[in-house]
Structures are given as C-alpha cells and as structure tokens.
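Structure record follows, encoded as structure tokens.
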Ligand SMILES: Cc1cc2nc3c(=O)[nH]c(=O)nc-3n(C[C@H](O)[C@H](O)[C@H](O)COP(=O)(O)OP(=O)(O)OC[C@H]3O[C@@H](n4cnc5c(N)ncnc54)[C@H](O)[C@@H]3O)c2cc1C
C-alpha cells in the first residue's frame, strides 16, 4: 500500500464521496482525519494580487479535505479488518481470457520494477475493473481510450513548510490557492502534516519535455510512471525541467515563481486525460468497470475520486441485492452500469470543457470568480436528494 506516492489532498463531496463513507460506516474515522478548514480558497492574479478569498467555516462539511494516502489506508483497513486476505497486493493483471462457460482467467505479471515469481492465475465468474485511466478490463468493453486534454500538470511538493517554506505556507493558507495566467496556473493545496502539494499547470504539447531536450525520445517526453501515465523526470534533468518551467512562468510574481524554484519533488509531469464523452458500451456478461476505468475525466471540480467511491458502493449493493433475491447478477450490473454512466457523462463533459476553457489561449478570465458557497450549497442539496432515493 505504500508502494507508490499516493499524491495530494482530496475533497470528499457531501453528495458522493461522503455518501460512500457513510455507507461503509466510516463517518467517525473520516471526521477524525478530515480538514474542513481545507475548503478555504484563494485566487491570485499572476502579479500576486489577491483577487478573491473564502475562509472556510470549520463547521462546513460540504467537501472537507483528506489526504489521498489517509483515505486509501482508511478504506483498505476497513476491508482488511474483516478479512486480512481480502486484498492481494502486487497482482498486476496482464491478460484476461474468456472461456466458453462464461468464466474469466486473469493472468498476472510482475509490478514495474519487481522481479521474481509471478502470482498464479485465477479463474472467476465476475471481473470488476477499478484499474484506473488505462484500464485493462475496459478493453473488454470498448476500444475507446482517453484523450489528452492539451493540459499538463507538473507536481510540486513542500515538506516542513512552516519552517522551511514560510512563503509557500502564507501563499496557500489553510486550503487552496490558484494563480491564473494566460493558459497557465499555479495551484497549491494544503495537506496534513505540514505538507503542501500543488501543480504547475499549462497548455502544452504532450511531449513538451522531449521538445525541450529534457526527456526520452519516446514521443511523449519521459518514462511512464504509473497508471495515470505520469512522466518521471530523470534526476539529472531535474534542474533543466525547473528552468524550463521558470521560463514558461517568467511573467508571474517572484513569490509565485518560488513554487517552481523551491519545490522539493522531482517535478513529475502529469498529462491530463479524459475519456471522450458521452462514453457508453454494450454490456458484456460478467464484466464491469468503475471509477477512472469507466470515466476518467479532467480533475476540474474534483469529481474523480468522489464518483469512483460512489460507483463502488452502488455496484456492491446491486450485486448483493441480486444475490439475495436470486436474480441474475448481469441484470443488476447492466442497471448499475447505466446509472453510473448517466451520472458521470455530464460531469465528465463539463470537467473536460472546464479545463480546456481554463487553459485556453488568453484564458482564464482572471476577473471571473467561482461561487464557492453556491457550490457547497449544491453538494448539500444533492446529498439530501440522494438520501431520499430508495434505489441505492
Ligand atoms: C493531477 C490530478 C489531480 C487530481 N485531483 C483530484 C481531486 O482533487 N479530487 C478528485 O476527486 N479526483 C482528483 N483526481 C482524479 C483522481 O485521481 C481519480 O479520479 C481517482 O484516483 C480514480 O480512482 P480509481 O480508483 O478509479 O483509479 P486509480 O486511483 O487510478 O486506481 C487504479 C488502481 O488500479 C491499479 N491498476 C492499474 N492497472 C492495473 C492492472 N493491470 N492490474 C492491477 N491493478 C492495476 C493501479 O495501480 C491503481 O492502484 C486527480 C487526477 C489527477 C491526474
């Protein structure tokens, strides 16, 4: 579980991620870890002028923040507590073969960088792919693949911010900071443990590193690091990448450029992908996908994790209900799949459009201020509506 960097902070929305938390009876644990003050927002102009600010009320629970690693540990522990063998780590699915009797055999490879004996194949009658943007399971349903949005985020990291990076600490406050320029943005997010993470986002070619002579000539600009196709920056090229980013943000205020200059991390480059919308496929017996595998989208609006969690609990209920009633599981999968796509397609469409608009040439309009309170109110309203439904 600690095998890869789990990344930054996430806001769990009242109408989706928190519904799933409640379903798993993890509200108390979530409340202990969540940071409602992390819902604060700050919007800056590229010259460092404060355009707008919202200080979150500590009692507001519309979308409190939690570190991605804390969330993952909390969810995994809740499953492993009931059955320590419920999760088998290190099983990278390499192939899925369908048999005439309707079963599937999963063949595993070694995880990147690992050698030795491969796990034994397993045969199952139901495959649910929660295997992210580059899902293998999705290939059994559709040949459609995610498309590059035209925007890449280079990740920044600051530890021990209070004493080591006081300027960064004061820029970000307790929550999020955005500084928007022409087709570019510097984004900071307060994490727990005196850590700040963020992104230097820009509209750029997919192989921008290679074009700047800073990556492997694999046509994409570096080495693929994880399931989200993150490009690792080679150590000897790190300062070159930093200089290139500083060049691209030369017109930003010095205190904002400090985000690039002071970042402790390796500045990994995350191209942002989204499935074309609307996405759908014909149901395949015994196969389903959830989360990014089904509907990876631009992280504008912070919906990806929230939808993935809701997809998971809804599908689990659908399968359990069918089993209890002795009904065909495939009919339940079909209904849950359609409900998931009906929900995710419009959200994906607007998230993908929002990132394109935000990073368009000349954009975004720095005078346009998001209505954070209206957004929080909407999540709370949607949550009430969801709870009053009976079809969970
Ligand atoms: C820069 C960035 C910022 C984001 N910020 C936010 C945010 O603030 N809020 C938010 O809600 N969302 C955010 N997202 C989106 C969010 O990260 C995803 O929507 C979310 O992680 C999806 O969860 P998932 O479980 O479906 O997929 P993933 O988190 O990608 O998990 C998939 C898992 O499947 C495993 N896997 C992949 N292939 C195989 C295989 N062949 N065999 C076995 N296992 C496999 C992977 O190792 C991984 O553990 C962001 C995304 C990016 C790129």
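Bear in mind that the values in this text are calculations on the coordinates, not laboratory data. Because the structure is predicted, anything quoted here is derived from the model rather than measured. Virtual Cβ from ideal backbone geometry, glycine too; neighbours counted across all protein chains shown.
Starting with the fewest neighbours, write out 65, 155 ranked by other beta-carbon atoms found within 10 Å of each beta-carbon.
Listed from fewest to most nearby Cβ atoms, that is 155, 65.
For the chain, the longest principal axis of the Cα atoms and the long axis of helix 329-358 meet at an angle of about 10 degrees.
Site pair residue 143 and residue 386 shows an inter-label distance of 3.6 nm when each label is modelled 7 Å from Cα along Cα→Cβ. Once the Cα atoms are used to define both axes, helix 68-82 deviates from the longest principal axis of the chain by about 20 degrees.
Under the definition of Cα pairs under 8 Å and six or more residues apart, what whole-number percent is the relative contact order of the range 226-318? Before the final figure, lay out each step's value.
Working: 60 pairs, mean separation 24.8, N = 93.
After rounding, I find 27 percent.
With neighbours defined as other Cβ atoms within 10 Å of a residue's Cβ, the residues 277, 107, 162 order from fewest to most as 162, 107, 277.
When a/c reaches 1.5 or more, the comparison of a/b and b/c decides; with that in mind, is the chain rounded, prolate or oblate per its Cα gyration tensor? Note, shape of the chain comes out prolate.
In the range 10-70, Cα pairs under 8 Å separated by at least six residues give a relative contact order of 44 percent. Between residue 45 and residue 57, residue separation times 0.36 nm minus the direct Cα-Cα distance comes to 1.9 nm. Note on the chain: antiparallel DSSP beta bridges, both residues inside, total approximately 85 percent of the bridges counted. Dividing the summed -39500 (n - 2.57) terms of all DSSP H runs of n ≥ 4 by the residue count of the chain sets its mean residue ellipticity at 222 nm at -10500 deg cm²/dmol. Taking other C-beta atoms within 10 Å as the exposure proxy, 32, 203 rank 32, 203 from fewest upward.
Can you give me the relative contact order of the chain as a percent, contacts being Cα pairs under 8 Å and 6 or more apart?
21 percent
Helix 372-388 and the longest principal axis of the Cα set of the chain meet at an angle near 10°. Among 129, 58, 69, determine the one that fluctuates most according to a GNM of the chain built with springs between C-alpha atoms less than 10 Å apart. Checking each option, the largest mean-square fluctuation is seen for 58.
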